Amino acid sequence: MWIFGYGSIVWKPDFRFINRIEGHLKGVIRRFWQLSEDHRGVPGQPGRVVTLISTGNQADCVYGAAYEISNEDEASVRHVLDVREKDGYTIVETVFYPNNSAEQERACYTYMAQSNNPFWGGDAPLDQIAQQIARAHGPSGSNREYLFKLADAIRVIAPVPDEHLFTLDQLVKDIIAKDEQFNNKKL
Ligand code: SIN
């Protein structure tokens with residue numbers, strides 16, 4: 001079984017795998033449109049995490065990493081991920097295209113949050129999303145850590161920039177710098 005990750009699974013798999021390949025899915029875009037009350041936020045102050053949005057345009061790509069799971073680990077890894085992604089994500093089957101053209105495309109599973117789930121945040125102006133990410137914390141850590149680690153990982157994996165992700169990365173860094181300036185003035 002292959003599992004494709006495009007969010008925290010890229011930089012924090014936390015499950016046993018026998019192989020990891022970087023590459024992409026086609027016909028989707030990555031967006032911070034899913035609310036997180038269980039990992040990167042709390043009820044009343046949810047964070048925002050990524051999901052995949054289908055565009056139907058094969059030129060759209062989402063880069064990430066696919067993990068090969070051995071037959072013996074398949075059930076336990078599915079269980080771990082079903083629990084981890086329980087707040088609104090469902091598992092879907094798709095096709096993964098490795099960065100290394102010598103490797104074959106292959107069927108894989110990925111966890112995707114659809115717009116009818118109870119934690120759907122949807123689209124919003126990027127500066128609002130950035131403010132929300134800059135302020136949110138949850139049981140798995142800060143929302144900004146989720147964003148920064150994902151942006152750093154995707155910079156290494158993807159041959160083309162992910163504009164939504166990298167713009168948010170910069171906007172949140174700007175908010176933090178402004179907050180620091182403000183706090184230093186108060187001292
Ligand atoms: C993923 O990483 O593939 C799913 C979304 C997340 O857990 O961040």
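The rows are residues; the columns are (1) open to solvent by 40 Å² or more (accessible area, probe 1.4 Å); (2) touching a residue at least 12 places away in the same chain (Cβ under 8 Å).
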residue: Tyr6; (1), (2): no, yes
residue: Asn19; (1), (2): yes, yes
residue: Phe32; (1), (2): no, yes
residue: Glu37; (1), (2): yes, yes
residue: Gly44; (1), (2): yes, no
residue: Gly47; (1), (2): no, yes
residue: Ala75; (1), (2): yes, no
residue: Lys86; (1), (2): yes, yes
residue: Ala102; (1), (2): yes, no
**Request:** Go through the residues of the range 111-128 one by one and say whether even a single one is more than 18 Å from Ile53 (Cβ to Cβ) and crowded, with 16+ Cβ neighbours inside 10 Å.
**Result:** no
**Prompt:** From Gln132, Gln114, which residue is more than 30 Å from Tyr67 (Cα to Cα) and either modelled with pLDDT under 95 or of a type in the set (S, T, N, Q) (or both)?
**Reply:** Gln132
**Request:** Taking only the range 55-68 into account, find how many residues are surrounded by 14 or more Cβ atoms within 10 Å (Cβ to Cβ) and either farther than 18 Å from Leu147 by Cα or more than 10 Å from the ligand (Cβ to nearest atom) (or both).
**Result:** 6
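The values are calculated or read from the model by the stated rules, or taken from the named source; none is laboratory data. Small disclaimer: the values here were computed from a predicted structure and weren't measured. Positions of Cβ are backbone-derived with ideal geometry, glycine not excepted, and every protein chain shown enters the neighbour counts. We work out accessible area using only protein heavy atoms, side chains counted, and drop any ligands, DNA or RNA first. Shrake-Rupley method; radii C 1.70, N 1.55, O 1.52, S 1.80 Å.
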